[in-house]
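The values are calculated or read from the model by the stated rules, or taken from the named source; none is laboratory data. Keep in mind it's a predicted model, so treat the numbers as computed, not measured. Cβ coordinates were reconstructed from backbone atoms using ideal geometry, including for glycine residues, and neighbour counts include every protein chain displayed. Heavy atoms of the whole protein, side chains included, go into the accessibility calculation; ligands, DNA and RNA do not. Shrake-Rupley method; radii C 1.70, N 1.55, O 1.52, S 1.80 Å.
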Amino acid sequence: MSTPYTKLPAWADYGLIPLINLSVAFIVAGFVVMLVGENPFRAAVILVDGAFGKGTGIAFTLFYATTFIFTGLSVAVAAHCSLFNIGTEGQAYIGGLGIALVCLSLDSVLPWWAIFPIAIVAAAAFGALWGLIPAYLQAKRGSHIVITTIMFNFIAASVMVYLLVGALKPAGSQAPQTRNFLAGAELPKLNWIIELFGAKIRSAPLNICFLLALVMAFLVWLLIWRTRLGYEMRTYGHSPKAARYAGISETRIIITAMMISGALAGMMALNPVMGDQHNVAIDFVSGAGYVGIAVALMGRLHPVGIVLAAILFGMLYQGGAELAFEMPAISRDMIVIIQGLVILFAGALEHMFRPYIQALFASVSPKSVGMQAVNGKGA
Amino acid sequence: MDMFNAIIQVLDSTIRLSVPLLLACLAGLYSERAGIFDIGLEGKMLVGAFAGASAAAVFHSALIGLGTAVLISVAFALVHGFASITHRGNQIVSGVAINFIAAGSTIILGQAWFQQGGRTPALQPAERFEAIIWPGAEAIKDVPIIGPIYAELISGHSILVYFAFAMVPFTWWVLFRTRFGLRMRAVGENPAAVDTAGISVAWLRYRALICTGILTGVAGAYLSMVQNGGFVKDMTAGKGYIALAALIFAKWKPVNAMFACLLFGFLDAAAIRLQGSPLPIIGKVPVQFMQALPYVLTVILLAGFIGKAIPPRAGGVPYVKER
């Protein structure tokens, strides 16, 4: 996306500005805490301590972060192609369906290391398929991808509710969820890694999916910056006209990008379903797809940034749960506000402070912003 | 006769259920016609509902409730404007942000202020908008056919219902018969031309967003002060998105918007009424299918299989003045 602004040094662009935006988001969140009648500084201390103070906290933080790495990568891959995939939520939900089908039919015959790869493929395939239809409609019929993916989130929710109160529910059960998986579909925990560092863990759901998420982050980096396909996606994202001129097929690139995005979203379901709950329940995604938007924006669409942002959000989720114990006035919904503020300040208002910082840089050293005349361009 | 009464009842709840959709849909029409995508209808409705119910409960007045709902909703619309007009941010990102802030803050503040698990106190009759019984409704009630239609369908709704339907011709008039409407449509199609004519693009778009805020505020107030006697968390439950779907379905036209909202409202009413009981010919229809139908229809429409939905041309693109 073109911006009518001049350049800043890279460290300011990728470090300083996101940091300022993030700080403003947290300052505003602090005001909300004050409005509720609590001390924001004490809240912040409890939050950080809850997330990183104990081994169990760290494990939970990384467990949540795993989920957000997947959804953040999903949003980012599409965004590199200038497609706004709001459908991560629905794609992850349908990915859960793929996992359920694999686990329910194979968990009594195969061990986890045999089921896991099959489940990965199934989750990715189902998620990709749910991304395919909006992608096709965007590429071939020009339907706006934002609207179609929102619609597909709702359709996915209806489909899953229909299946979970019907075909997938074991006979005689009241709860709208599948039966619990057998040991064959339970992923090994990773808590021993944290215990290596001497921390004690009671029980936390951190599992092998965390490693899968890191591998995926690396693969996404490889895809976007080191392959021809990634180059084509970025070209299309930067200027569809230039891409067309260069002979890049619009249909192919949109559909490929959205299917990769959908596949990453679908894989997110592995973490809660096979790593923690061991069943597929109604609304198990519970907004993680939308968190992915905040994570991708905050991570500036770069896998390293996304992993860091995901850990930050994992911290908010885990610390937020602790916070709800200590300060009853602040429930976990506080995170939803913070998430919204992050999206607002790091996403929609990302250029708000830019002119000021530019002016500051220009007054200190005009060369650093590539300007000869200091008053060359206003905001 | 039973059949007829059942139909009247379904149509009556169709009207009640389509009012919030209609208000939100018209709200979206103002901003989208001015070239600002608004994913944040849902959030603005939600804060409207919360602010309305809270103020009505605290000040014991339905009117103060409505006023507060509109005020807060407009404030959120202005945040959207600040991000997407003044700072030329991504309009969809900004809308998503507003939805989150609304969803979180209504629960947090509701819990902090009223301590009822995110609910606001139950509203007394004086704090709500009561049904208006039209003259003669009681007398004519037992006349066959006309009686129930007049007494149930036309009479006996709250003032906000009539307001919502009155907004349809009013919006049409504003859009197609006033200078403001002409300029607003122009700014959604070709802002550069409007700018060349010496009219401020930003101010026009801000005004359109204020209209959006007012209508989403009323929609929210309807949810928490008419349909329900108080605010319940997440009470919009995706209505903002259905309204968005209806807006596309209506091809950004006010009268079409009314029919689209009535259709979606009818699907909702029918789903509630049927609750899994079998239909003639088709057989049993799952509730989830009826709930998903508005979204499916919108996707099919967007795909261009039922006519073509062409959005305002400058929609979603921040306006940058040529230098």
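When you check residue A:79 against the structure, is it within 30 Å of residue A:159 (Cα to Cα), assigned to a helix (DSSP H, G or I) and open to solvent by 20 Å² or more (accessible area, probe 1.4 Å), yes or no? Spell out the reasoning first.
Values: within 30 Å of residue A:159 (Cα to Cα): yes; assigned to a helix (DSSP H, G or I): yes; open to solvent by 20 Å² or more (accessible area, probe 1.4 Å): yes.
Answer is yes for this residue.
Look through B:214, B:149 and report the one residue that is open to solvent by 10 Å² or more (accessible area, probe 1.4 Å), assigned to a helix (DSSP H, G or I) and within 30 Å of residue A:334 (Cβ to Cβ). Spell out the reasoning first.
Working: B:149 fails: within 30 Å of residue A:334 (Cβ to Cβ).
Selected residue: B:214, the only one of B:214, B:149 that is open to solvent by 10 Å² or more (accessible area, probe 1.4 Å), assigned to a helix (DSSP H, G or I) and within 30 Å of residue A:334 (Cβ to Cβ).
Any residue in the range A:301-308 that is without any contact (Cβ under 8 Å) to a residue 24 or more places away in the chain, open to solvent by less than 10 Å² (accessible area, probe 1.4 Å) and assigned to a helix (DSSP H, G or I)? The answer is no, given that none of the residues of the range A:301-308 is without any contact (Cβ under 8 Å) to a residue 24 or more places away in the chain, open to solvent by less than 10 Å² (accessible area, probe 1.4 Å) and assigned to a helix (DSSP H, G or I).
Of the numbered criteria (1) more than 14 Å from chain B (Cβ to nearest Cβ); (2) over 16 Å from residue A:274 (Cβ atoms), the one residue A:112 fails is (2).
Looking only at helices (runs of 4 or more DSSP H) that fall completely inside the range B:18-119, which ones have 3 or more residues that are open to solvent by 10 Å² or more (accessible area, probe 1.4 Å) and within 12 Å of another protein chain (Cβ to nearest Cβ)?
Details: elements: B:41-59, B:62-81, B:91-114.
Qualifying helices (runs of 4 or more DSSP H): B:91-114.
Tell me, please, whether a residue that is open to solvent by 40 Å² or more (accessible area, probe 1.4 Å), away from every other protein chain (no Cβ under 14 Å) and either farther than 30 Å from residue B:121 by Cα or not hydroxyl-bearing (Ser, Thr, Tyr) (or both) can be found in the range B:234-246. Scanning the range B:234-246 turns up no residue that is open to solvent by 40 Å² or more (accessible area, probe 1.4 Å), away from every other protein chain (no Cβ under 14 Å) and either farther than 30 Å from residue B:121 by Cα or not hydroxyl-bearing (Ser, Thr, Tyr) (or both). Every residue in the range A:261-299 that is within 14 Å of the chain's Cα centre (by Cα), open to solvent by 30 Å² or more (accessible area, probe 1.4 Å) and either among the aliphatic types (A, V, I, L, M) or within 12 Å of chain B (Cβ to nearest Cβ) (or both), please. The answer is A:290, A:297, A:298. Every condition in (1) facing another protein chain (nearest Cβ under 10 Å); (2) farther than 21 Å from residue B:94 by Cα is met by residue A:357 except one, and the failing one is (1). Screening residue B:129 against (1) surrounded by 15 or more Cβ atoms within 10 Å (Cβ to Cβ); (2) over 30 Å from residue B:3 (Cβ atoms); (3) at pLDDT 85 or above leaves a single unmet condition, (3).
Applying the selection to the range A:278-319, what residues are of a type in the set (Gly, Ala, Ser) and in contact with a strand residue (DSSP E or B) (Cβ under 8 Å, 6 or more places away or on another chain)? Even if it seems obvious, please write down each step before you answer.
From the range A:278-319, those of a type in the set (Gly, Ala, Ser) are A:281, A:286-289, A:292, A:294, A:296, A:299, A:305, A:309-310, A:314, A:319; that's our starting set.
A:281 - this is the single residue of the range A:278-319 that is of a type in the set (Gly, Ala, Ser) and in contact with a strand residue (DSSP E or B) (Cβ under 8 Å, 6 or more places away or on another chain).
Counting the residues of the range A:182-236 that are among the polar types (S, T, N, Q) and assigned to a helix (DSSP H, G or I) gives 2. Note on the range A:124-170: among residues that are small (Gly, Ala, Ser) and part of a loop (DSSP other than H, G, I, E, B), the one that is nearest to the other protein chains (Cβ to nearest Cβ) is A:143. Among the residues that make up the range A:314-330, is at least one of them away from every other protein chain (no Cβ under 14 Å), more than 15 Å from residue A:88 (Cα to Cα) and charged (D, E, K, R)? Yes.
From A:46, A:58, A:99, grab the single residue that is in a helix (DSSP H, G or I), open to solvent by 30 Å² or more (accessible area, probe 1.4 Å) and away from chain B (no Cβ under 14 Å).
Numbers: A:46 fails: open to solvent by 30 Å² or more (accessible area, probe 1.4 Å); A:99 fails: open to solvent by 30 Å² or more (accessible area, probe 1.4 Å).
The conditions single out A:58.
In the range B:125-145, the residues that are more than 22 Å from residue B:55 (Cβ to Cβ) reach residues that are open to solvent by less than 90 Å² (accessible area, probe 1.4 Å) and at pLDDT below 75 with C-beta atoms within less than 7 angstrom, at least six apart or across chains, in these pairs: B:137/B:151; B:140/B:151; B:141/B:151.
Only a single item in (1) surrounded by fewer than 24 Cβ atoms within 10 Å (Cβ to Cβ); (2) touching a residue at least 60 places away in the same chain (Cβ under 8 Å); (3) in a helix (DSSP H, G or I) is not met by residue B:3, and it is number (2).
Could you figure out which of (1) modelled with pLDDT of 85 or more; (2) under 26 Å from residue B:107 (Cα atoms) isn't true of residue B:291? All conditions pass for residue B:291, except number (1).
Tell me, which residue of the range A:316-369 that is polar (S, T, N, Q) and in a helix (DSSP H, G or I) is most open to solvent (accessible area, probe 1.4 Å)? Among them, the one singled out is A:363. State whether one or more residues within the range A:176-191 are without any contact (Cβ under 8 Å) to a residue 40 or more places away in the chain and over 24 Å from the mean Cα position of the chain (by Cα). Within the range A:176-191 (the criterion being without any contact (Cβ under 8 Å) to a residue 40 or more places away in the chain and over 24 Å from the mean Cα position of the chain (by Cα)), the answer is no, since none of the residues qualifies. Of the numbered criteria (1) in a helix (DSSP H, G or I); (2) within 14 Å of chain B (Cβ to nearest Cβ); (3) of a type in the set (D, E, K, R), the one residue A:38 fails is (1). Across the range B:248-262, the qualifying residues are those that are at pLDDT below 90 and part of a helix (DSSP H, G or I), and the one among them that is farthest from residue B:41 (Cα to Cα) is B:249.
From A:227, A:235, grab the single residue that is surrounded by 14 or more Cβ atoms within 10 Å (Cβ to Cβ) and of a type in the set (Ser, Thr, Tyr).
Working: A:227 fails: surrounded by 14 or more Cβ atoms within 10 Å (Cβ to Cβ).
Only one candidate qualifies: A:235.
Taking the conditions (1) assigned to a loop (DSSP other than H, G, I, E, B); (2) open to solvent by 70 Å² or more (accessible area, probe 1.4 Å) in turn, residue B:143 satisfies each one other than (2).
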